[in-house]
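Below is one structure, written out as structure tokens, with a few remarks after it.
The values are calculated or read from the model by the stated rules, or taken from the named source; none is laboratory data. From a predicted model like this one, the values you see are computed outputs, not experimental measurements. No Cβ is skipped: glycine too gets one built from the backbone with ideal geometry, and neighbour counts run over all protein chains shown. These area figures cover heavy atoms from the full protein model, side chains too; ligands, DNA and RNA do not enter into them. Shrake-Rupley method; radii C 1.70, N 1.55, O 1.52, S 1.80 Å.
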Amino acid sequence: MTLPEPLQLSAAEQEADDAAQRALAAPLLAEFAARLSAAAPVRALWVHGSLAHGDYRHGRSDLDLVAVLPAAPDEYLRERLVALHRELIGRDPDAARLHCSYLPDGELAAAAAAHFTFAQGEPMRRPVTAVTRRELLDGATVLAGERPEVLLPPVDDAELHAFIRADLRDYWYPITARPDPWQRDIWVDHGPVTAVRATAALREGRLITKREAITRLPALDAPPGLAEDIAARRYGTPPVLTPEARTERAEQARLFTRALIERTLN
């Protein structure tokens, strides 16, 4: 296997490709911003993740948003927000990937607090983490209102590194002790890439894209073919695996992720 064409582009070609991918998401984002502003008093609406920082793949990547509201949404507003998301999903399948956390104005500094969020087709509560906040401060796309640096407090390296180390230690490392989840593509795709991105953030002090993380896998002693397998699902045509090949790949991804986390945390 070889890496798909998007991973072999020059910097200028990558920039043009990213712009073309973002343009495909623009109509949905514009509609969401307009309808959200009609449903709630929005102080700011920001895009982070791959859509803001590069490597967004339309139809495969999530659209990660944060909305700042004057106060935490009450039950009535939560119901309206859920209805808004579900109406969009009913009309546009791409809207299923549009995730938004609703951050109250009075809790902008509370990085550990859980906030009303619509993601993966369901309402939930989760924090706007130090990584997300750093992404926002490093260069969010502003759809409405104030820029992140006007409203959010800075996230220094100590706070960012403490969050990443805790996430690796308390969430990802325990999962690498369980073989079953790694039979699923989502864990194979996210585990190694998350570990590489975390390692880069801790060692280099910067947040890298998934594209860069995938290209780094071979140099970090990833099993042969793992980078190509992950890249094919993000950029190309996913391979068809036999049950035996899926089990082998699951173990390779799990053990590599576990070993990289151990090296990073030690």
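Overview of values
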| quantity | calculated |
| --- | --- |
| Residue under evaluation residue 119, criteria (1) small (Gly, Ala, Ser); (2) surrounded by fewer than 16 Cβ atoms within 10 Å (Cβ to Cβ); (3) within 30 Å of residue 42 (Cα to Cα), criterion not met | (2) |
| Helices (runs of 4 or more DSSP H) wholly inside region 173-244 containing at least 2 residues that are closer than 20 Å to residue 59 by Cβ, open to solvent by 30 Å² or more (accessible area, probe 1.4 Å) and not hydrophobic (A, V, I, L, M, F, W, C) | 185-204, 226-235 |
| Search result, residues across region 141-166 that are part of a helix (DSSP H, G or I) and either open to solvent by 50 Å² or more (accessible area, probe 1.4 Å) or polar (S, T, N, Q) (or both) | 149, 150, 157, 158, 159, 162, 163, 165 |
| Selection from region 122-140 of residues that are within 22 Å of residue 41 (Cα to Cα) and open to solvent by less than 30 Å² (accessible area, probe 1.4 Å) | 128, 133, 136, 140 |
| Pair list, Cβ < 9 Å and 6+ apart or interchain, from region 130-145 residues that are at negative phi and in contact (Cβ under 8 Å) with a residue 60 or more places away in the chain to residues that are open to solvent by 50 Å² or more (accessible area, probe 1.4 Å) and among the aliphatic types (A, V, I, L, M) | 131/207; 134/207; 135/207; 138/207; 143/30 |
| Sole residue being at positive phi, of a type outside the set (Asp, Glu) and modelled with pLDDT under 95, chosen from 59, 106 | 59 |
| Region 33-82, residues that are within 12 Å of residue 144 (Cα to Cα), touching a strand residue (DSSP E or B) at 6+ places or on another chain (Cβ under 8 Å) and surrounded by fewer than 15 Cβ atoms within 10 Å (Cβ to Cβ) | 41 |
